[in-house]
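Comments concern the structure below.
The values are calculated or read from the model by the stated rules, or taken from the named source; none is laboratory data. None of the values given here were measured: they were computed from a predicted structure. Cβ placement follows ideal geometry from the backbone for every residue including glycine, while neighbour counts extend to all protein chains displayed.
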Amino acid sequence: MKNLLTRTLTGALLAISGVVAAQQMDPNMPGMAGMHDTKPAEAQGTGMVKAIDTAKGTITLQHEAIASIGWPAMTMPFKVASPELLKQVKVGDKVQFTLHPAGMASTVTSITPAQ
């Protein structure tokens, strides 16, 4: 009986410590640990076309910060979802674009000259 009580109390203490640790992971959102890791399926950005490579199907954009996915302003190449997107803009154009965020494998899904 004493052994069963010891095991029960040990299990309860381990469960409580796991909940407390999870809540302490994000001090800004108690009880929501891990929620900030989710990224939207699409993100909007504004930037300038620095290079177009039709052979590789890429466009290099110098973009402003994209807050919805936590990116600072930077210059990087992106694959495009369709080669037709590269015909809509030219080097030096200020653009608005939509991308599917996946780090360095992010893909531009739409792009238009900025108004």
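One line per residue, one yes/no per condition, for (1) modelled with pLDDT of 95 or more; (2) touching a His at 6+ places or on another chain (Cβ under 9 Å):
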position	(1), (2)
MET76	yes, yes
ALA81	yes, yes
LEU85	yes, no
ASP93	yes, no
THR98	yes, no
MET104	no, no
THR109	yes, yes
ALA114	no, no
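Output the residues belonging to the stretch 67-115 that are over 19 Å from PRO40 (Cα atoms), basic (Lys, Arg) and not in a loop (DSSP other than H, G, I, E, B). Matches in the stretch 67-115: LYS87, LYS94.
Take GLY57 and decide whether it is modelled with pLDDT of 95 or more and in contact with a His (Cβ under 7 Å, 6 or more places away or on another chain). Lay out the reasoning, then the answer.
Details: modelled with pLDDT of 95 or more: yes; in contact with a His (Cβ under 7 Å, 6 or more places away or on another chain): no.
For GLY57, the condition - modelled with pLDDT of 95 or more and in contact with a His (Cβ under 7 Å, 6 or more places away or on another chain) - is not met.
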